[in-house]
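Contents: one structure, followed by commentary.
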Amino acid sequence: MKIYIDGLFYKGAGIGRYYESLLREFAKRGIFVYTCIPEYLKDNFKDEFKDLADRIFPIYTEYQKFSIKGFLKQSKILKDLEKDVDLFFYPHINLPIYIPKKTIITIHDIIPLTNFWDRSVVKKLVFFQYLRRAMKSSIGVVTISNTTKRDLEILFKEDIGDIKVIYNFVDEKFTKANYENRNIIGDDYILFVGSRKKHKNLRNLIIAYSRIIKNINVKLVIAGPIEQKNNEINLLIKELNMGKYVIEFISPKDEELVSLYKNAKLFVFPSFYEGFGLPPLEALSLDCPVITSNIPIFKEIYGDKIACFDPYNIENIAENILTVLKDESLRLNLLKEGKQRLKIFDKNKAVEEYIKYFTSFL
């Protein structure tokens with residue numbers, strides 16, 4: 001089989017990691033993969049996938065998110081590829097101007113249509129139309145959870161075709177990590193991994209942590225990207241006088257992230273909304289106990305024992321963190337529960353589901 005996988009989000013968080021994992025797994029199974037990659041990431045891509053150079057064929061182009069010029073260039077590339085490629089797979093909904101007939105998309109979530117996306121009504125309407133266009137122009141739609149599928153069914157009602165749910169899986173950089181098992185923090189700590197966007201609810205986590213710091217000798221580590229224009233979290237840390245207790249890792253390297261997961265006392269994920277929420281799975285794969293907010297997606301993925309606190313209730317967040325940190329048997333039971341849940345999200349099963357789904361359109 002020859003397929004095209006779009007690489008617009010290569011080296012990005014979330015979708016970028018999803019793309020990289022699937023690209024490698026498809027190629028390892030003998031599928032020939034063509035992919036468009038932003039020109040400025042050429043050296044990164046060559047180095048990362050050099051072991052699969054006989055099956056992965058990158059096309060480097062001036063490619064940027066929401067760039068008309070980039071989409072025009074990509075449209076020409078896709079037209080040229082269409083005669084040689086069996087299927088076009090987009091691990092997102094950012095389709096170019098020209099859309100090949102056999103195109104399949106992935107919808108991760110509908111966050112831009114929620115109150116957690118700080119954009120104007122006009123921009124939300126643009127996203128809605130963009131999403132509708134992508135769905136109508138595709139022969140297949142994949143979502144990464146039943147929760148996202150239900151969100152789409154509510155949003156579009158009858159105006160929706162068949163949707164295939166295929167769960168995410170943990171990249172082998174975590175499951176087969178051979179990095180040095182060293183505590184790079186030097187102290188006990190609880191961990192948060194993710195962006196600082198509104199739906200991640202990092203603000204409430206920091207406030208909750210500030211209320212229990214007198215009862216514990218545990219730091220709070222925040223790891224993930226940061227937008228220069230968004231310093232709300234840093235201002236909050238300063239306002240609460242938490243500077244000596246909160247440690248920030250901005251865009252950590254893989255080996256740093258693995259170390260942070262491996263050595264944390266507890267991983268806390270307090271999101272208001274997610275399409276899936278992969279970091280808790282990554283934490284569990286490296287033997288770190290997890291608690292999350294009790295939103296529908298986390299109940300689906302992690303179950304009621306792990307999805308245990310109200311993300312809007314700061315006292316409830318604080319109480320749950322404190323309870324786990326003070327009860328070692330509970331901490332170990334949470335890890336045991338998480339390890340059982342982890343078995344559901346098997347990499348080989350997920351990849352085979354993708355291949356079977358793709359093959360059904362050939």
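Taking the longest Cα principal axis of the chain as reference, the axis of helix 314-326 is set at about 70 degrees.
Between E248 and K46, full extension at 0.36 nm per residue minus the direct alpha carbon distance yields a gain of 69.7 nm.
The translational diffusion coefficient of segment 1-119, from Stokes-Einstein at 4 °C and 1.567 mPa s with a Kirkwood hydrodynamic radius over alpha carbon pairs, comes to 88 µm²/s.
The alpha-carbon atoms of segment 173-342 define a convex hull whose volume equals 107 cubic angstrom per residue. For segment 1-73, the relative contact order comes to 31 percent (Cα pairs under 8 Å, sequence separation of at least 6).
Pairs of Cα atoms in the chain fall into 20 Å distance bins, from 0 up to the last occupied one, in shares of 28, 57, 15, 0 percent. Give me the percent of Cα-Cα pairs in segment 113-240 that sit more than 24 Å apart, rounded to a whole number. When all Cα pairs of segment 113-240 are counted, 54 percent exceed 24 Å. How far is helix 202-212 tilted off the main Cα axis of the chain, in degrees rounded to 10, range 0 to 90? Here the helix axis deviates by roughly 20 degrees.
Modelled this way, with points 7 Å down the Cα-to-C-beta line, the labels at K101 and K336 are 5.7 nm from one another. Protection proxy ranking for 31-39, 312-320, 268-276, using the average of other Cβ atoms within 10 Å per residue and placing the highest first: 268-276, 31-39, 312-320. Note that segment 44-88 shows a convex hull volume over its alpha carbon atoms of 92 Å³ per residue. Which angle from 0 to 90°, rounded to the nearest 10, does the C-alpha axis of helix 328-342 make with the longest principal axis of the chain? The angle comes out at about 10 degrees. Given their separation in residues at 0.36 nm each and the Cα-Cα distance between them, E153 and D84 gain 21.4 nm when the chain is fully extended.
Remark: relative contact order (segment 173-342) = 25 percent; criterion is Cα-Cα distance under 8 angstrom and separation of 6 or more residues.
What is the spin-label model distance, in nm, from I160 to E352 if the labels are put 7 Å beyond Cα along the C-beta direction? Once both label points are built, they end up 2.8 nm from each other. For a label point 7 angstrom out from the Cα of D118 toward its Cβ, which stretches of segment 264-297 have the backbone nitrogen within less than 16 Å? Backbone N within reach: 272. Positive contributions from Lys and Arg (+1) and negative ones from Asp and Glu (-1), summed over other residues with Cβ under 13 Å from the Cβ of K238, come out at -2.
Where a number appears in this text, it was derived from the coordinates with a stated rule and is not lab data. Keep in mind it's a predicted model, so treat the numbers as computed, not measured. Heads up, the Cβs are rebuilt from the backbone with ideal geometry, glycines too, and the neighbour counts pull from every protein chain shown.
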